[in-house]
Amino acid sequence: MQRTSRLVACLGAIALAAVLVACKKPTSPDAHGTPAPASPKSPLKVGFSQIGAESDWRKANSESIRSEAAARGVNLVFSDAQQKQENQIKALRTFIVQDVDVIVFAPVVKTGWEPVLREIRDAGIPVILTDRRVENEDLYTTFIGADFVEEGRRAARFLADATSGNAVIAELEGTPGADPAIDRKKGFAEVLAQHPGMKIIKSQSGEFTRAKGREVMETFLKSPEGPSITALYAHNDDMALGAIQAIEEAGRRPGEDIIIVSVDGVRAAFEAMVEGKLNCTVECNPLLGPILFDTIEKIVAGQQVPKWIATEEGVFTRQTAAEDIKTRKY
Ligand code: GYE
């Protein structure tokens, strides 16, 4: 009798455990670090934590994601972090409470995300990184974005060609700790190592903004080494555009006295190339909306996606800018 009741109690506990497991969203990742999708809502609810609006690239990126969500009837919860990691962490926690189907996230910096990403995983919500990466490879499903190291290499190759391997370079770096700032610096330095006549003599963050790019370039030019600068590498177009103003104010000719290469390929960079003030822009495509929502649809349908979905990009110089600008989309 006693044995029977113990057996019943035991079976009951097993049944309860089975029910609890069935009710909880799956938390264990498959081989690719992908949580199995929860049963999606209709319409799909997607939380997107954007960095801010620091550059033309960023504005085009937000617009692409917003308009694609609208075109597909997705319920997009858009949160602007105004460049602050703490705001992004708060937004991510809010998305968990709001029980979104998928979290999309452009991390302002690479480190410091592990606790919140674990919370998201425990809630069984897939994470897609767009634009920038974090260091925790096992805590997201996929990254959609560019090869920033290659962009840095491309910028350096252009400069090596344009200066016949002789340049005294000032570098305007992106946001400290940001994936593209780290990798664009790395790729550029890699190619520079093969050119003993090319040296970086000044390097500082201009935070990916026009205002800061202008301000930092002004201090570079006013420093004792300022007059020796013959080239500028800016990690984005906005900083180069700010620097162009500082160069003109210092009485030097951007694009002639100082050869300038930057990254992104925004319309304003093409305009500066048409005017001859910028020499080259290495493209980085911000129009990630369509590929992002294609990927979201695959993930909620339970399909595997690659760990990195890379974007295709080119290099544009002022020689062809007047023609190229006609077909630019951002
Ligand atoms: O190059 C810059 C923006 O993360 C790739 O961020 C992006 C960069 C882009 O502010 O303009």
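The values are calculated or read from the model by the stated rules, or taken from the named source; none is laboratory data. Quantities reported herein were computed from a predicted structural model and do not represent experimental measurements. Positions of Cβ are backbone-derived with ideal geometry, glycine not excepted, and every protein chain shown enters the neighbour counts. The accessibility values were calculated without ligands, DNA or RNA, using every heavy atom of the protein model including side chains. Shrake-Rupley method; radii C 1.70, N 1.55, O 1.52, S 1.80 Å.
Here are a few things to note about the model shown:
For every residue, the table says whether it meets (1) within 13 Å of the ligand (Cβ to nearest atom); (2) surrounded by 22 or more Cβ atoms within 10 Å (Cβ to Cβ).
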site	(1), (2)
Ser164	no, no
Ile169	no, yes
Asp183	yes, yes
Ala189	no, no
Ile200	no, no
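- Listed by position, the helices (runs of 4 or more DSSP H) inside the range 245-330 whose residues that are open to solvent by 50 Å² or more (accessible area, probe 1.4 Å) number at least 3 are 267-274, 289-300.
- Answer residue from the range 226-244, given it is open to solvent by 20 Å² or more (accessible area, probe 1.4 Å) and touching a strand residue (DSSP E or B) at 6+ places or on another chain (Cβ under 6 Å) and is farthest from Ala178 (Cα to Cα) among those: Ser228
- Residue that is part of a loop (DSSP other than H, G, I, E, B), of a type in the set (Gly, Ala, Ser) and over 30 Å from Thr295 (Cβ atoms), where the choices are Gly213, Gly165, Gly242, Gly177: Gly165
- Remark: pairs (first residue in the range 39-56, within 16 Å of Val109 (Cβ to Cβ) and open to solvent by less than 10 Å² (accessible area, probe 1.4 Å); second residue among the aliphatic types (A, V, I, L, M) and more than 16 Å from the ligand (Cβ to nearest atom); Cβ separation under 7 Å; 6+ apart in sequence or on different chains) = Ser49/Ala91; Ser49/Leu92.
- Just so you know, in the range 226-239 the residues that are part of a helix (DSSP H, G or I) and closer than 26 Å to Val108 by Cβ include one that is farthest from the ligand (Cβ to nearest atom), and it is Met239.
- Thr175 satisfies every condition listed in (1) of a type in the set (Ser, Thr, Tyr); (2) open to solvent by less than 60 Å² (accessible area, probe 1.4 Å); (3) more than 16 Å from the ligand (Cβ to nearest atom) except (3).
- Subset of the range 118-146 that is more than 17 Å from Gly302 (Cβ to Cβ) and of a type in the set (Ser, Thr, Tyr) - its residue that is farthest from the chain's Cα centre (by Cα): Tyr140
- Complete set of residues in the range 289-321 that are closer than 18 Å to Ile125 by Cα and of a type in the set (D, E, K, R): Asp294, Glu297, Lys298, Lys307
- One residue stands out among those in the range 96-130 that are open to solvent by 10 Å² or more (accessible area, probe 1.4 Å) and in contact with a strand residue (DSSP E or B) (Cβ under 7 Å, 6 or more places away or on another chain): the one that is nearest to Lys307 (Cα to Cα), which is Arg121.
- Listed by first and then second residue, the pairs with beta-carbon distance under 9 Å, at least 6 apart or on different chains, first residue in the range 88-113 and among the basic types (Lys, Arg), second away from the ligand (no atom under 16 Å from the Cβ) and in a helix (DSSP H, G or I), are Arg93/Val116; Arg93/Glu119; Arg93/Ile120.
- Positions within the range 62-95 being at negative phi, of a type outside the set (Asp, Glu) and within 15 Å of the chain's Cα centre (by Cα), in sequence order: Ser62, Ser64, Ile65, Ala81, Lys84, Gln85, Gln88
- Where Arg153 falls short, out of the listed (1) basic (Lys, Arg); (2) within 11 Å of the ligand (Cβ to nearest atom); (3) more than 20 Å from Ile65 (Cβ to Cβ): (2)
- Flag for Ile144 being within 16 Å of the ligand (Cβ to nearest atom) and not in a helix (DSSP H, G or I): yes
- Of all positions in the range 217-225, at least one carries a residue that is away from the ligand (no atom under 13 Å from the Cβ), assigned to a helix (DSSP H, G or I), in contact with an Asp or Glu (Cβ under 8 Å, 6 or more places away or on another chain) and open to solvent by 10 Å² or more (accessible area, probe 1.4 Å).
- Helices (runs of 4 or more DSSP H) contained in the range 1-116 and holding at least 1 residues at pLDDT below 95: 2-23
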